[in-house]
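Readers should treat all values here as calculations from the given coordinates under stated rules, not as data from a laboratory. What you see is a predicted model; the values in this text were computed from it and never measured. Note that each Cβ is placed from the backbone with ideal geometry, even for glycine, and that neighbours are counted across all protein chains shown.
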Amino acid sequence: MNSELILLGHGSGGRLSHQLLDDLILPILSGSAQAGQNDAALLEPVAGRLAYTTDSFVVDPIFFPGGTIGSLAVHGTVNDLAMMGARPLWLSVGLIIEEGFGTADLRTILSDMRRAADEAGVSIVTGDTKVVPRGKADKIFITTSGIGVIEHDIAIHGANARPGDAIIINGTIGDHGIAVMASREGLKVTSDILSDSAALNSLTAEIIDEAGVCLHVLRDPTRGGVATTIKEIALQSSVAITLHEENMPVNPAVRGVCSILGLDPLFVANEGKLLAIVEPSAAERVLTRIRRHPLGRHAAIIGCVTDGDAGRVSMKTSIGGTRAVEMLAGEQLPRIC
């Protein structure tokens with residue numbers, strides 16, 4: 001790359017486009033030689049059901065404590081596949097880049113994507129790049145799609161929660177949203193607040209192995225936080241859910257920032273957390289297995305499914321009261337992913 005900035009010509013399909021692909025994007029993301037560049041990826045057949053998902057990432061800022069838009073884009077799509085009980089295999093990447101964006105920052109983002117994909121055991125097999133004029137985007141937007149294979153017959157679905165089931169979370173809530181917000185607003189907060197952005201597929205594989213057919217639901221509580229995701233599950237499954245505030249793991253630093261800003265951690269976004277809803281007989285052993293995983297050291301049982309009014313979610317507060325929990329209304333923290 002001769003230019004330190006992305007030019008409109010890099011999206012023209014001509015010489016500069018090929019230079020961007022050959023000198024920067026492909027060597028970092030896939031290592032494909034020019035002879036291997038085609039209009040689509042050819043994938044080997046696999047045994048099992050396929051899961052497919054797509055997501056777009058517009059997080060601001062693009063670099064934040066604990067991650068970047070690049071690592072986040074990989075983690076988000078890997079996790080969507082993992083929540084269906086799939087083993088993620090292949091990703092595609094679409095880049096929308098604003099004219100004038102620095103190639104050094106692009107290199108960092110691409111390197112973070114490749115590192116995240118390698119750590120998750122997935123391959124980036126195809127993609128596309130477009131460049132738009134200054135002011136028509138905000139630095140860089142990324143869209144990732146993913147394909148995974150489901151190699152078991154367990155039904156893991158948001159509509160499968162049953163009365164009596166235990167609800168387990170693998171760690172502290174609200175870390176990602178507060179880390180991004182603090183970085184965006186230039187808040188001087190403790191270095192203990194980092195995004196939890198991570199690929200959860202190795203953890204879900206262990207949960208599936210431990211719980212088997214006792215596992216009913218897996219979900220990652222991203223935008224809208226734990227509260228919104230739990231409400232969605234209650235509605236999908238036509239059950240009631242009770243949460244216990246004193247069991248909800250929250251980083252004290254995150255709790256402190258939320259208290260100052262009038263935010264509820266229950267509604268703040270996460271990018272490395274999952275909710276596992278399992279039969280009560282399997283809850284303790286699944287919890288133990290999760291806690292052995294590096295991403296599950298602070299796991300806890302935070303509630304249970306009941307046979308009350310369909311869609312009702314309530315919280316047993318730490319002072320002995322009960323409050324209703326609804327979905328997030330409006331946009332508490334925009335452009336969080």
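The table below gives the values:
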| item | result |
| --- | --- |
| The stretch 44-114-the stretch 269-336 distance, computed between alpha-carbon centres (Å) | 26 |
| Estimated distance in nm for a label pair at ASP23 and GLU119, the labels positioned 7 Å out from Cα along Cα-to-Cβ | 3.0 |
| Added length on full extension, which subtracts the Cα-Cα distance from 0.36 nm per residue, ARG255 to ILE319 | 21.4 nm |
| FRET E, pair GLU185, VAL46, Förster distance 30 Å, beta-carbon r, rounded to 0.05 | 0.10 |
| Using a Förster distance of 51 Å, the FRET efficiency for VAL213-SER3 (Cβ separation, nearest 0.05) | 0.35 |
| Potential lengthening between ALA310 and ALA329 on full extension [0.36 nm per residue; Cα-Cα distance subtracted] | 4.8 nm |
| Folded to 0 to 90 degrees: helix 175-185 orientation relative to the chain principal axis, Cα | 50 |
| Sites matching trypsin sites (Lys or Arg not before Pro) across the stretch 127-197 that sit in DSSP coil, with at most 10 neighbouring C-beta atoms within 10 Å | ARG134, LYS136, LYS188 |
| Other-chain or far-sequence residues with amide H under 5 Å of LEU328's (modelled H) | THR228 |
| Folded to 0 to 90 degrees: helix 201-211 orientation relative to the chain principal axis, Cα | 30 |
| Listed residues GLU185, GLU271, GLU279, most fluctuating in the chain (Gaussian network, C-alpha, under 10 Å) | GLU185 |
| Amide H contacts of THR306 (H built 1.01 Å from N, under 5 Å, at least 5 apart or other chain) | GLY164, ALA240, ILE241, THR242 |
| Ranking of VAL313, VAL59 by count of other Cβ atoms within 10 Å, fewest first | VAL313, VAL59 |
| For the chain, built as a Gaussian network whose Cα springs stay under 10 Å, the top-fluctuating residue of ASP112, ASP138, ASP175 | ASP138 |
| Residues of type lysines that LYS130 reaches as a straight line, Cα spacing below 26 Å, ignoring anything fewer than 8 places off in the same chain | LYS139 |
